[in-house]
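Engineer: Below: one structure in structure tokens.
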Amino acid sequence: MNHSQLWLVRHGETEWSAAGRHTGRTDVPLTDAGRAAAKRLTDILHGRTFDLVLTSPMKRAIETCELVGFAGGALTTGDLSEWDYGEYEGVTTDQLRYRHPGWTLFFDGCPGGETLAEVAARADRVVARARTINGPVIAFAHGHILRVIGARWIGAPAVVGANLVLSTATVSVLGYERETPAILRWNLT
């Protein structure tokens with residue numbers, strides 16, 4: 001039986017996430033409210049130890065990792081970077097739908113950015129890495145990449161991530177129900 005678990009932590013609020021702007025490669029910091037919410041995650045994570053700590057290279061994820069006390073020994077990986085939104089970086093969904101009625105990220109993508117298949121390939125590498133550890137792994141990252149990781153953990157197509165909504169400053173837990181990959185908890189604050 002596999003005893004690995006993958007804990008997913010979405011970073012705290014940023015000015016862009018609060019405004020609904022797609023924030024992929026732009027390295028925006030946490031807001032004061034985002035820092036406070038991230039610190040509150042220690043209530044969920046208190047006393048837990050992890051065999052591997054991973055973080056996105058973006059400062060909003062790194063700072064969240066630091067605020068909950070897991071920065072020591074954390075490894076940075078580009079596989080946890082947020083979706084590259086290309087031409088849609090910094091644009092809100094409402095603005096995009098004004099120009100492209102009915103647009104959705106998971107089905108329509110972003111010109112000049114990553115495809116869903118490219119994001120899924122990164123997610124698959126994170127899942128494979130976590131499964132090599134016979135114990136808990138924690139990953140600090142971003143909303144869309146974490147949603148794709150959740151889908152891929154359970155063997156679902158990456159597009160299922162569209163159904164796995166994540167708020168900022170949340171914890172989700174992936175693991176197993178017996179030998180079956182499962183989402184054990186999702187979007188905890």
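Engineer: Restricting the first residue to the stretch 163-189 and requiring it to be among the aliphatic types (A, V, I, L, M), which pairs with a second residue that is in a loop (DSSP other than H, G, I, E, B) meet a Cβ separation below 7 Å and a spacing of at least six or different chains?
Structural biologist: Listed by first residue and then by second, the contacts come to A169/G12; A169/E13; A169/L41; A169/T189; V171/L41; A182/I154; I183/I154.
Engineer: Residue check, A139 against (1) outside any strand (DSSP E or B); (2) under 13 Å from the mean Cα position of the chain (by Cα); (3) buried (at least 18 other Cβ atoms within 10 Å of the Cβ); (4) of a type outside the set (F, W, Y), all met but one. Which one?
Structural biologist: Just one mismatch for A139, condition (1).
Okay, residues lined up against (1) touching a Ser or Thr at 6+ places or on another chain (Cβ under 6 Å); (2) loosely packed, with under 14 Cβ neighbours inside 10 Å:
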position	(1), (2)
G72	no, yes
T76	yes, no
G86	no, no
T93	no, no
W103	no, no
A123	no, no
V126	no, no
T132	no, yes
G135	no, yes
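Engineer: Restricting attention to the stretch 156-178, and to residues there that are of a type in the set (G, A, S) and within 21 Å of E114 (Cα to Cα), which single residue is surrounded by the most Cβ atoms within 10 Å (Cβ to Cβ)?
Structural biologist: Taking the stretch 156-178 first, the residues of a type in the set (G, A, S) are 156, 158, 161-162, 167, 169, 172, 175.
Narrowing further to those that are within 21 Å of E114 (Cα to Cα): 156, 158, 161-162.
Working: A156: 16, A158: 22, G161: 27, A162: 16.
Result: G161.
Engineer: Which numbered condition trips up A37, out of (1) over 18 Å from N187 (Cα atoms); (2) among the aliphatic types (A, V, I, L, M); (3) at pLDDT 95 or above?
Structural biologist: (1)
Engineer: Oh, and also: Listed residues L184, L146, L188; which is within 15 Å of S56 (Cα to Cα) and in contact with a strand residue (DSSP E or B) (Cβ under 6 Å, 6 or more places away or on another chain)? Explain how you work it out, then say what you get.
Structural biologist: Values: L184 fails: within 15 Å of S56 (Cα to Cα); L188 fails: within 15 Å of S56 (Cα to Cα).
Matching residue, one of L184, L146, L188: L146.
Engineer: Looking only at the stretch 142-178, count how many residues are aliphatic (A, V, I, L, M) and outside any helix (DSSP H, G or I).
Structural biologist: Restricting attention to the stretch 142-178, the residues satisfying the condition of being aliphatic (A, V, I, L, M) are 145-146, 148-149, 151, 154, 156, 158-160, 162, 164-166, 169, 171, 173-174.
Filter once more, so that each one left must be outside any helix (DSSP H, G or I): 154, 156, 164-166, 169, 171, 173-174.
Result for the stretch 142-178: 9.
Engineer: What residue, of P181, P111, is outside any helix (DSSP H, G or I), at pLDDT 95 or above, loosely packed, with under 14 Cβ neighbours inside 10 Å and touching a helix residue (DSSP H, G or I) at 6+ places or on another chain (Cβ under 6 Å)?
Structural biologist: When all the criteria are applied, what remains is P111.
Engineer: Say we look at the stretch 41-55 and pick out the residues that are over 20 Å from S4 (Cβ atoms) and in contact (Cβ under 8 Å) with a residue 12 or more places away in the chain; which of these is surrounded by the fewest Cβ atoms within 10 Å (Cβ to Cβ)?
Structural biologist: Going through the stretch 41-55, the residues over 20 Å from S4 (Cβ atoms) turn out to be 41-43, 46.
Imposing the further condition that a residue be in contact (Cβ under 8 Å) with a residue 12 or more places away in the chain reduces the set to 41-42.
Details: L41: 21, T42: 14.
Step by step, filter the stretch 41-55, then rank; the result is T42.
Engineer: If you don't mind, another one. Report the residue count in the stretch 18-59 for those that are of a type outside the set (G, A, S) and in contact with a Gly (Cβ under 7 Å, 6 or more places away or on another chain). Talk me through it step by step, then tell me what you get.
Structural biologist: Residues of the stretch 18-59 of a type outside the set (G, A, S): 21-23, 25-32, 35, 39-46, 48-55, 57-59.
Now restrict to residues that are in contact with a Gly (Cβ under 7 Å, 6 or more places away or on another chain): 21-22, 26, 30, 35, 42, 51, 53, 57.
Summing the residues that are of a type outside the set (G, A, S) and in contact with a Gly (Cβ under 7 Å, 6 or more places away or on another chain) in the stretch 18-59 gives 9.
Engineer: With the condition kept exactly as written, say whether any residue in the stretch 41-55 is in a loop (DSSP other than H, G, I, E, B), of a type in the set (K, R) and farther than 22 Å from R122 by Cα. Spell out the reasoning first.
Structural biologist: Residues of the stretch 41-55 in a loop (DSSP other than H, G, I, E, B): 41, 46-51.
Subsequent filtering for residues that are of a type in the set (K, R) retains 48.
Checking the rest, the ones that are also farther than 22 Å from R122 by Cα come to 48.
Yes, the stretch 41-55 has at least one match.
Engineer: A follow-up question, please. Applying the selection to the stretch 1-39, what residues are hydrophobic (A, V, I, L, M, F, W, C) and either assigned to a loop (DSSP other than H, G, I, E, B) or under 17 Å from V53 (Cα atoms) (or both)? Explain how you work it out, then say what you get.
Structural biologist: Filtering the stretch 1-39 for residues hydrophobic (A, V, I, L, M, F, W, C) gives 1, 6-9, 16, 18-19, 28, 30, 33, 36-38.
M1, L6, W7, L8, V9, V28, A38, listed by residue number.
The values are calculated or read from the model by the stated rules, or taken from the named source; none is laboratory data. All values derive from a computational prediction rather than experimental measurement. Cβ coordinates were reconstructed from backbone atoms using ideal geometry, including for glycine residues, and neighbour counts include every protein chain displayed.
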